[in-house]
Amino acid sequence: MAAQRPGANDPLPVVEAPRTNGVGNVSERVRDFMKRAPGDPLSGLKRADEMWLKMRMRTGKEPVRTVIEEIPSMDFAEIDFDVLICGGSLGIFLALALAKRGLRVAVVERGRLIGRDQEWNVSRKEMKILIEMGLLTVEEVEEAIVSEFNPVRVSFKGMDDIHISDILNCGVSPKWLLEKARTRFVEELGGTLLEEHLFEKAVVGHNGVQVNLRVQSGASGSLGSGGAGTEGESSSETVALYARLLVDAMGNFSPIVQQQRAGEIPEGVCVVVGSCARADWPSNDQGDLLYSFTPIERNLQYFWEAFPSSSKGGPSDLRTTYMFSYLDTNIERPSLAEFYDAYLNWLPEYQGKQIDEIEPIRALFAAFPTYKNSPLQTKFDRLLMFGDSSGIQSPLSFGGFGAMLRHLRRIDLAVSEALKYDALGKDSLKLLSPYMPSLSVTWLFQRAMSVPADRKVADPEIINKVLRSNFTAMDRIGDSTLRPFLQDVIQFPGLTRAITGMMTDPVLVWKILNHVGLAPLLDWWVHYVALGIYHVRHGLAPDMESSSSSSTFEQNRMRESLKFGAGRDYDEH
């Protein structure tokens with residue numbers, strides 16, 4: 001096994017990290033560990049902590065910078081591109097698909113479009129989409145996958161391990177993948193890539209969008225190693241480009257997203273810390289997908305993920321481990337430095353190696369905000385959010401690559417039709433980011449896996465008990481329920497069977513209701529009923545290819561919303 005789980009009856013010491021609740025106070029244990037890693041991850045940790053502190057200090061009343069302006073009477077003399085995409089890490093894949101259709105596409109990236117070293121975890125099922133769309137060949141996908149392992153484990157304190165194969169068991173090299181996509185987009189399809197250009201603002205006119213960019217004098221930082229990213233020094237040189245459609249793929253902290261959300265406070269956050277390290281691991285041929293072995297500590301339930309890195313060619317001594325937790329943005333929540341100290345405290349018990357026995361290669365840390373108002377619908381004509389900017393990923397996920405792949409074909413087709421029929425008004429583009437009950441129902445799971453900062457914890461094992469009951473029921477039902485759930489896809493039949501299976505323990509059900517709370521449960525019930533309606537309506541909808549008639553643009557989007565809103569897109573691959 002990837003790690004030996006302590007016995008269910010073994011007492012576990014509760015070791016608290018030093019309280020800081022701020023920025024810059026880092027324990028000696030964390031300092032020593034990061035000094036042994038290449039580069040300067042400690043500075044990155046402090047920058048990320050500054051962003052996390054700002055997130056916890058927000059009241060929702062802070063002024064928001066206006067970066068999108070509408071002047072409906074303005075006509076632009078020339079339109080340079082059909083689509084201009086700001087943000088290349090995920091945006092390059094949409095750009096590649098649209099350029100393959102013969103559209104004029106530009107990608108703007110504030111730094112250099114270079115993928116990070118840390119692998120993206122995904123299933124072959126998702127990578128197959130790139131092959132089916134003709135964006136990569138079978139051989140290229142094989143080359144992009146640098147690690148592969150089976151099975152993966154799901155387990156919570158006090159339960160038997162669940163092992164399942166071919167779920168998020170492939171590590172893809174972002175560096176290789178982005179370089180291949182970049183080369184194909186620019187050299188083979190004639191796309192335009194503007195690196196070291198910083199988005200400043202955009203003006204939406206009658207026939208297009210004017211996008212103002214500032215030229216960077218140096219490459220920017222990146223979120224790849226857990227840092228929040230730093231902009232390079234900006235020069236005084238500005239560039240104005242004109243496009244029929246602007247796509248925001250700049251992620252959660254995009255200035256466009258911030259304006260559209262009007263300073264909205266995230267309803268949830270997933271804090272992730274970890275490392276990729278070299279050691280003589282007891283076992284390094286399998287992975288953990290979702291694992292816990294400790295009770296609630298400081299109103300936090302720690303979850304773990306682990307997998308071998310760069311292992312496709314044979315046994316590897318590199319292993320990535322993450323510790324993550326779901327929480328709110330209460331100011332009393334720990335700093336990222338505190339989270340990292342807790343990670344180093346529990347890592348030896350989790351992986352069977354003392355900290356001085358492992359050699360850190362990369363230190364990883366980030367805080368991913370999540371919003372119930374997702375997917376985010378545009379408030380402006382000629383503007384669309386894509387990838388993490390759209391909020392299309394599950395609130396349980398801390399990476400948007402898999403979600404982007406699942407929606408890539410849908411967005412590619414919808415954007416091409418929107419351009420073809422000039423359906424570029426906000427009412428039409430909102431149909432590309434529809435309400436999806438399959439996404440909304442996942443909020444109750446995040447709530448069940450977290451504890452509000454101001455809540456007194458009556459039972460420190462309640463989250464382990466809830467998940468133990470839920471996953472035992474899903475495992476008993478079979479792969480048709482468990483596999484989609486582990487890939488952040490919820491379907492009505494499987495969810496209903498899992499809930500029914502949990503009803504066999506009425507005492508636990510009462511504890512779950514008390515832990516979750518009445519208001520979140522009632523809110524979830526609305527989405528659960530909607531999920532059932534979408535499931536039935538999708539089954540009754542005609543199974544046909546998207547129509548080529550402009551009059552059915554809305555119907556095409558409705559069919560897509562029913563399919564994805566019911567989680568039935570999972571059945572296609």
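The values are calculated or read from the model by the stated rules, or taken from the named source; none is laboratory data. Just so we're clear, the structure is a prediction, and the values are computed from it rather than from any experiment. Note that each Cβ is placed from the backbone with ideal geometry, even for glycine, and that neighbours are counted across all protein chains shown. Note: accessible area is taken over every heavy atom of the protein model, side chains too, but ligands, DNA and RNA are not part of it. Shrake-Rupley method; radii C 1.70, N 1.55, O 1.52, S 1.80 Å.
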Quiz prompt | Size of charge dipole - segment 311-443 - debye, nearest 20, with Cβ of Lys, Arg +1 and Asp, Glu -1, no other charges | solution = 720 debye
Quiz item: What does a probe at ASN207 reach in segment 394-424, counting residues whose amide N is under 13 Å from the point 7 Å along Cα→Cβ?
Solution: none
Self-check item: the chain, helix-only ellipticity at 222 nm - DSSP H runs n ≥ 4, -39,500 (n - 2.57), divided by all residues, nearest 500
Solution: -10500 deg cm²/dmol
Quiz item: Are any of the pairs LYS61/LYS372; LYS201/LYS379; LYS157/LYS563 more than 24 Å apart by Cα-Cα distance, and if so, which?
Solution: LYS157/LYS563
Quiz item: Which whole-number percentage describes the relative contact order of the chain, with Cα contacts under 8 Å and a sequence gap of 6 or more?
Solution: 18 percent
Self-check item: 0 to 90° range, to nearest 10: angle between helix 41-57 axis and the chain longest Cα axis
Solution: 80 degrees
Quiz item: Where in segment 429-445 is the amide nitrogen less than 17 Å from a point lying 7 Å along the Cα-to-Cβ axis of GLU132?
Solution: none
Exercise. Would you mind working out the accessible area per residue for segment 294-344, using a 1.4 Å probe, and quoting it in Å²?
Key: 22 Å²
Self-check item: Heavy atoms of MET250 accessible to a 1.4 Å probe, total area in Å² rounded to 10
Solution: 60 Å²
Quiz item: Out of residues 5 or more away from ARG362 or on other chains, whose amide H comes under 5 Å of its own, with H placed 1.01 Å from N in the peptide plane?
Solution: CYS276
Exercise. Please give the helix 492-502 orientation as an angle from the longest Cα principal axis of the chain, in degrees from 0 to 90, rounded to the nearest 10.
Key: 20 degrees
Quiz prompt | segment 252-347 - percent relative contact order, Cα under 8 Å, separation 6 or more | solution = 33 percent
Quiz item: Mind checking the angle between helix 401-420 and the chain's longest principal axis? C-alpha axes, 0 to 90 degrees, to the nearest 10.
Solution: 20 degrees
Practice problem: Under a cut-off of 18 Å between alpha-carbon atoms, report the aspartates and glutamates in cross-link reach of LYS465, not counting same-chain residues fewer than 8 places apart. | Solution: ASP10, ASP160, ASP161, GLU297, ASP475, ASP505
Quiz item: Which lysines, on any chain, are close to LYS35 with Cα under 22 Å apart, when same-chain ones fewer than 8 places away are left out?
Solution: LYS46, LYS353
Quiz prompt | Simple Cβ-charge dipole of segment 233-299, Lys/Arg +1 and Asp/Glu -1, about Cα centre, in debye nearest 20 | solution = 180 debye
Quiz item: Which distance in nm do the two modelled labels at ILE79 and ARG65 give, with both placed 7 Å along the Cα-to-Cβ direction?
Solution: 2.8 nm
Practice problem: Quick one: what are the phi-derived ³J(HN,Hα) couplings along segment 126-135, Karplus 6.51/-1.76/1.60 with θ = phi - 60°, whole Hz, x for glycine and proline? | Solution: 6, 5, 4, 4, 5, 6, 5, 7, x, 8
Quiz item: aspartates and glutamates near LYS511 by alpha-carbon distance under 12 Å, same-chain residues fewer than 8 away left out - which ones?
Solution: ASP459, GLU461
Practice problem: Might you tell me the accessible area per residue for segment 380-501, computed with a 1.4 Å probe and given in Å²? | Solution: 32 Å²
Quiz item: Quick one: what does P(r) look like for segment 435-573 with 5 Å bins over all Cα pairs, in whole %?
Solution: 2, 9, 17, 20, 18, 12, 8, 6, 4, 2, 1, 0
Quiz item: Considering only DSSP beta bridges whose two residues both sit in the chain, what percent are antiparallel, to the nearest 5?
Solution: 70 percent
Exercise. May I ask you to compute the full-extension gain from ASP166 to ASN330, defined as 0.36 nm times their residue separation minus their alpha-carbon distance, rounded to one decimal in nm?
Key: 55.3 nm
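Evaluate E = 1/(1 + (r/R0)^6) for ARG101 and LYS372, where r is the Cβ-Cβ distance and R0 equals 30 Å; express this FRET efficiency to the nearest 0.05.
Between ARG101 and LYS372 the formula returns 0.30.
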Quiz prompt | Average accessible area per residue (Å²) across segment 94-154 - probe 1.4 Å, nucleic acids and ligands excluded | solution = 36 Å²
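What is the percent carbon and sulfur in the accessible area of the chain, measuring with a 1.4 Å probe over the protein chains and ignoring ligands?
Within the chain, the accessible surface is 52 percent carbon and sulfur.
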